[in-house]
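This report refers to the structure that appears directly beneath it.
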Amino acid sequence: MSPKHATLQGKVRTIITGSTGMVGEGVLHECLQHPEVEQVLVINRKPCGVTHPKLIEILHNDFFDLSAIEEQLKGYNACYFCLGVSSAGMKEEAYRHLTYDLTLHMAEILARKNPEMVFCYVTGEGTDSTEKGRSMWARVKGKTENDLLKLPFKRAYMFRPGFIKPIKGLTQTHNYYYAINWMYPLLRSLFPKHVTTLHEVGLAMIHSVIQGYPQTHLENQDIATLAKIK
């Protein structure tokens, strides 16, 4: 699928998965503050702990069986897919099931229900588009990216953040991010291609729906660029 520059008609109505994790919580935070976001639907296994006039929350345990909530997923023009698991200690088959199988299952339903949807998927810096490298997680993420781009969404973007500076005050930030957060200005200065902020990730996702971006794979500098576009 080729990315297109297209101005959104109306406002953003988005589904967010993974809002009880660090990235999803940050993206939700940005959406609820942004004037161009009209409604946000979050789908979680446990409550996200946030209340807001824009926010609708569905609690659902089995993401491999969405039949009970499918009709509630219609009418959205964006999805920010921030749901994911760490590959640490996992066998490839199990990681693939919870990464590739789950993501494609949900994405196929969303594409069918919302053909005008822009789909943003959070992968990570170092994702392997060839699907042939040594790193298990990178191969699986690469396969997931490749097959998401084949689905009939209006547009799809693969977000590949590296080190992410958290948003102060949010509750789902990993402790080690806070432990090295003081280094962020130095990292941004020395390694601008490998760092971003959660604020930029959220804004870039919103802007990708409003006006698009010329590339489907967004590395850290692409995320920063798109976040600044008005």
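Odds and ends about this structure:
- Distance (nanometres) between label positions extended 7 Å along Cα→Cβ at LYS11 and LYS54: 0.8 nm
- 22 Å Cα-Cα threshold exceeded, pairs from LYS11/LYS141; LYS11/LYS168; LYS11/LYS54; LYS165/LYS228; LYS11/LYS165: LYS11/LYS141; LYS11/LYS168; LYS11/LYS165
- HN-Hα J in Hz across segment 140-146 - Karplus 6.51, -1.76, 1.60, θ = phi - 60°, x for Gly and Pro: 5, 5, x, 4, 5, 4, 4
- Note on GLU108 and GLU131: the extension gain reaches 6.2 nm, defined as 0.36 nm multiplied by sequence separation minus the Cα-Cα distance.
- The chain: calculated mean residue ellipticity at 222 nm from DSSP helix runs of at least 4, using -39500 (n - 2.57): -9500 deg cm²/dmol
- Per-bin percent of Cα-Cα distances, the chain [10 Å]: 8, 34, 40, 17, 1
- Among the protein heavy atoms of segment 126-171, carbon and sulfur supply 53% of the accessible surface, probe 1.4 Å, non-protein parts ignored.
- Near TYR213, the amide H atoms lying under 5 Å from its own belong to LYS4; only residues 5 or more places off or on other chains count, and H is placed 1.01 Å from N.
- Distance in nm between pseudo-label sites at LYS46 and HIS217 (7 Å out along the Cβ direction from Cα): 3.5 nm
The values are calculated or read from the model by the stated rules, or taken from the named source; none is laboratory data. If you're wondering where the values come from, they're calculated on a predicted model, not measured in any experiment. Cβ coordinates were reconstructed from backbone atoms using ideal geometry, including for glycine residues, and neighbour counts include every protein chain displayed. These accessible areas exclude ligands, DNA and RNA; they are computed on the full protein's heavy atoms, side chains included. Shrake-Rupley method; radii C 1.70, N 1.55, O 1.52, S 1.80 Å.
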